[in-house]
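Notes for the one structure printed next.
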Amino acid sequence: MTTKASGSSLPCPNPGCPNIVDQSAGVGRPRQYCSEACGRAYRKLRSSQPETADIDDYAVQVAEQAAHHLQDIVRLVRDGQALNVLEKITESQLYTGDLTAAVVQQARARKHKAADIAGAMNISVDKLSRDYSAEACARRQDRRQRKAAPSAPRSRKPPSPRGKPGGRGRAGGADGRAGLAPPDDPGTTLANALAHLHRASGKTLRVAGGQSQVTASYLCRVLAGERLPSWTVTHQLGLAYGADPADLRPLWEAARGYEMTAPLTLHAALRGLHLSAACPTYSDIRTLSRDGLSVADIRGMLDGSRVPEWERVGQLVEALRGRADTIRPLWHMAKLAADAGHPPPVPASTGPHRLPAQAFG
């Protein structure tokens, strides 16, 4: 039996319950619900929703990947790269088939009749049963998820609350270099950023979920890294928490496994890593970088006024537990733009999510 940590309290996870669960008193496992009734209601809700919620998550994921693929086609058409366009169009057939199967699963999960589903697709019920059986759709999903593992949620472990980076452990990391922990995977980085925004907002799961049009239970799983939300949900959460969704976009795209090459994405990605690290002060970042970065360097990289050499950008990424392989292509494009006389503009808005007051401490 262990004594509970003092001063710990969380909102009751049962949707619609406004109570706070005090976890600071007594011994044994911390309380999860404000009452047994709330615990029973929450467990019943979870047991009745996972299948539909998981199907929805997968369908949204495929739809977003298909939209991203079409954006690539538009860009290639504008550039006149006809052969590349034809290759992309061929690939689109896979997206169309997978998306159709995923939406058929959605329709079945919502108890739509086979005749109505077949009618919407302009096919016969027999063809629907033959080509889009539950087993065939499941095989498509399994094959796609095995092939595109980066698009799946990376972490099933709740992100640990982090304040200043000095408390994250400075023993040698997995990469063999002393002083810094290994980088987080992209899914965890996004979850950490959203979890920090949630804590900083002071909102309950019910309120934030309502403003983002998701249930409190689903939001809880997103913040714990158990679900990778769609961009629509991520965007709405950013607005609900008073953050700039543009700072979350690079984190979300990395979690989805998308390739990012837009030069103006670099500074948004760095600000997203700053959010994920719970907005440490410039002094803390400088210490974590083994005093290799100046305050001016850090400020310039976060506010978008500087594109220094990779050595300095890499030190910032490492200090914030980001992944160099994700950020370096963005730096390369931003550096080319800056060297060509097109430096990135300083963001017009400077809300607390961009340059928090404590960052200067």
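Counting only protein chain heavy atoms and rolling a 1.4 Å probe, the accessible areas of ARG40, ARG78 rank, largest first, as ARG78, ARG40. Answer rounded, prolate or oblate for region 278-325, using the Cα gyration tensor with square roots of eigenvalues a ≥ b ≥ c: rounded when a/c is under 1.5, else prolate when a/b is larger than b/c, else oblate. Judged from the Cα gyration tensor, region 278-325 comes out rounded (a/c under 1.5). Put a dot 7 Å past the Cα of HIS332, heading toward its Cβ, do the same for THR100, and the two dots end up 3.7 nm apart.
Seen through its C-alpha gyration tensor, with square-root eigenvalues sorted a ≥ b ≥ c, region 47-139 comes out prolate because a/c lies at 1.5 or above while a/b is bigger than b/c.
Applying 0.36 nm per residue to the separation of GLU87 and VAL74 and subtracting their alpha-carbon distance, the gain on full extension is 3.4 nm. The residues packed around SER212, meaning those with a beta-carbon under 14 Å from its beta-carbon, carry a net charge of +4 if Lys and Arg are +1 and Asp and Glu are -1.
Once all protein chains are placed together, LEU330 keeps about 0 Å² accessible to a 1.4 angstrom probe.
For VAL21, the amide hydrogen comes within under 5 Å of the amide hydrogens of LEU10, CYS12, counting only partners 5 or more places away or on other chains and with H modelled in the peptide plane. The heavy atoms of CYS12 offer some 10 square angstrom of accessible surface to a 1.4 angstrom probe.
Oblate is the label for region 217-259, because a/c, from the alpha-carbon gyration tensor with a ≥ b ≥ c as root eigenvalues, is 1.5 or above and a/b does not exceed b/c.
Keeping every protein chain in place, order ILE123, ILE298 by accessible area at 1.4 Å, biggest value first, i.e. largest first.
ILE123, ILE298
Straight-line reach only, C-alpha to C-alpha below 16 angstrom: list the aspartates and glutamates that LYS127 could link to, leaving out same-chain residues fewer than 8 apart. Counting by Cα, and skipping residues close in sequence, LYS127 has these aspartates and glutamates nearby: ASP116, GLU135.
The values are calculated or read from the model by the stated rules, or taken from the named source; none is laboratory data. Computed from a prediction, not measured in an experiment: that's the story for all the values here. Neighbour counts are summed over all protein chains in view; Cβ atoms, including those assigned to glycine, are modelled from backbone coordinates with ideal geometry. With ligands, DNA and RNA removed, areas are computed over all heavy atoms of the protein, side chains included. Shrake-Rupley method; radii C 1.70, N 1.55, O 1.52, S 1.80 Å.
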